[in-house]
1. For each of 228, 519, count neighbouring Cβ atoms within 10 Å of the residue's Cβ, then give the residues from fewest to most.
2. Determine the principal axes of the Cα atoms in the stretch 345-503, then give the extent along each, sorted from largest to smallest and rounded to whole angstroms.
3. The stretch 435-467: which trypsin sites (Lys or Arg not before Pro) are DSSP loop and have at most 14 other beta-carbon atoms within 10 angstrom?
4. Would you work out the charge dipole size for the stretch 361-430 about its Cα centre, treating the Cβ of every Lys and Arg as +1 and the Cβ of every Asp and Glu as -1, and quote it to the nearest 20 debye?
5. Quick one: in the stretch 374-454, what % of C-alpha pairs are over 22 Å apart?
6. Using a ≥ b ≥ c from the Cα gyration tensor of the stretch 441-635 (square roots of the eigenvalues), is it rounded, prolate or oblate, where a/c under 1.5 gives rounded and otherwise the larger of a/b and b/c decides, a/b for prolate?
7. So how do 336, 633 line up by other beta-carbon neighbours within 10 Å, fewest first?
8. With a cap of 12 neighbouring Cβ atoms within 10 Å, and only residues DSSP puts in a loop, list the GluC sites (Glu not before Pro) found in the stretch 453-538.
Amino acid sequence: MTAPNGPGNQQKPENNPQPTLPDRYSFLWLSAAIFLMMLWLQDNGQPQLQDLAYSDFKTAVENNQVAEVTLKEESVTGLFTDSGAASFSSDSAARPGSPGFRTILPPMEDPSLLTLLEEHEVTIKATPSGLPWWQEMIRGFLPWLLLLALMFWFWGAAQKKMIQGGGVFDFSRSKARRARRETSTTTLDDVAGIESAKREIAEIIDFLKSPQKYRALGAVMPKGVLLVGPPGTGKTLLARAIAGEAEVPFYSISASEFIEMFVGVGAARVRDMFQEARKEAPALIFIDELDAIGRSRGAGLGGGHDEREQTLNQILTEMDGFEAHENVLVLAATNRPDVLDSALLRPGRFDRKITLDRPHKDARTAILQVHVRKVPLAEDVDLEQLAARTIGFSGADLKNLVNEAALTAARENLHEVNAHCFELARDRIILGEERDAHLTPKEREAVAYHECGHAIMAYYMPNADPLTKVTIIPHGMAMGVTEQTPREDHYTYTESYLKDRIKVMLGGRCSEKLIYGEVSTGAQNDLKEATTLVRRMIGQWGMSEKIGPLGLSIGEEHVFLGREMGLPREFSEKMAELIDAEIQSQLLALEKETRDFLSEHRNQLEALAKAVLKKETLSAEEIDEILRKEDSRKIA
């Protein structure tokens, strides 16, 4: 179950400040400085001049094609007259339209040059041999000084950022998000349906607020609390409530955020997170999805040098390093406690384990009351009745149910959320969204017989869950749906209940075989679930006389876990063959019983199929009326 959405639940990170404007544009400034320096070292923006041989230069003067010259040491630059520019622009080396030129004086002085220039009335200019020495020094050293200054500023900003946190150099900093009471409005009043867990947490919160009362009696606060339960049962919500109630710094992080591609980063982040928490003790650290790094060591491909295992080792070390006066509590949540390393679960690390299970009816009612606080409800909404019809829903499912009902009411332009909106929302969650599927008449008829086969078995089997509805409208990935709702919450299952449940699963396939003489691919999911259930009955629950009272880890999840951890199979090949033969034998026997039962009730099956083809959806009352009518006809 998750916390209600709202601005109060948003946590503001305090130890990871946003980068400033100079930090973001440091590289841009450095690139601009280098570019400007390169421009400075060019020819100061002077236009490119045409190169002339000295002999061509004198010829141009004699032909009155030179208007002006500037003498500077061994070089001569000047401007052409209009005729000179037109004459020399045809040269391949010349730049078209360029009136300027330059040439180099020969090593031997030419005393006739000045006389030649004066005779042809060429304007003569002269420039000093060079700039003053201080200007030359500025021109030569200023670009490099600016570049070095900018580089020192850039690296200084980077070092400052490494110290303060953030940036590309901040690999070892903890990614934990810090929150205080004012940043989280979730309290224990927002947590419903898990009263035993709330009592455990209330004691820990009281210890954090007044530790002297417990220390006077020699009590020591637990170092770690492990929240265990299926997804959606309220583990993260409970942690948020602790942050809102304890009035101490609260650090939240997902276990996957410790691991990066760089070696040693995970362990460094663990050290940094615990160091920050110790500075502000008493404090709370919440690690979500602990199994991401807390799996049993030595089972991975990397062995003891795996990065994940090094991170786990650092967590174990930090939790051992807690002193009695530090008051730092570690909360962790997982839905896979079976894969956690035994060193994590021993007393002294995670001293307490709080189990959160799917809520029972009264708990579901309390959870619904929490989630409908801001929802305008119509008078026909009965939360207790709704809780009774949502067996198996987690807290998160119930929150989603209320939200879907509100969305349905908004879609239909209603001012209140009525019972019909909740019914549609429940069907959407359980059955899936209605979708358009263009079935041929023959396929539609086959779907009807398939679903009616399920319905007949669910209606007549004494231990099966009550039938709720039958529909041939496609929902989700299914072409049709037969819905059953348990009468009450189940925590254990009898062998007779499980066998009747398997008969209901096989009813669709047996119905197709009875009507058409062959089966289709529509029973794929039914066969998979039936086989899995029979396998667990035989191998884990000892419900087979041939196999006996053995508890073997042969469920799909245990097979996957054993292969992942490199564990050997705990039974022989002969036993495996015996289990497979027994599974096949029981499935064949249950299928025969189902097929024989449907043959006896073929009239009811055909009548129900015709009705569902006509109306597409039949309620439990309509199904009961049709079957009772056919029974009375059979008796008559």
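1. On the way: 228 21, 519 15.
Taking fewest neighbouring Cβ atoms as first place, the list is 519, 228.
2. The Cα atoms of the stretch 345-503 stretch 64, 48, 29 Å along their principal axes.
3. Working: sites: 435, 442, 444; in loops: 435.
Taking the stretch 435-467 and a limit of 14 other Cβ atoms within 10 Å, the loop trypsin sites (Lys or Arg not before Pro) found are 435.
4. Working: 9 positive and 11 negative charges, 64 e Å.
For the stretch 361-430, the charge dipole is close to 300 debye.
5. Working: 1254 of 3240 pairs.
Beyond 22 Å sits 39 percent of the P(r) for the stretch 374-454.
6. On the way: a/c = 2.14, a/b = 2.01, b/c = 1.07.
In terms of gyration-tensor shape, prolate.
7. Working: 336 15, 633 11.
Ordered by Cβ neighbours within 10 Å, fewest first: 633, 336.
8. Numbers: sites: 483, 488, 495, 512, 518, 529; in loops: 488, 518.
Those that pass, being in a loop and sparsely packed, are 488, 518.
Laboratory data are not the source of any read-out in this text; all were calculated from the coordinates shown. Everything numeric in this text was worked out from a predicted model, so none of it was measured. Cβ: placed from backbone, ideal geometry, glycine included. Neighbour counts: every protein chain shown.
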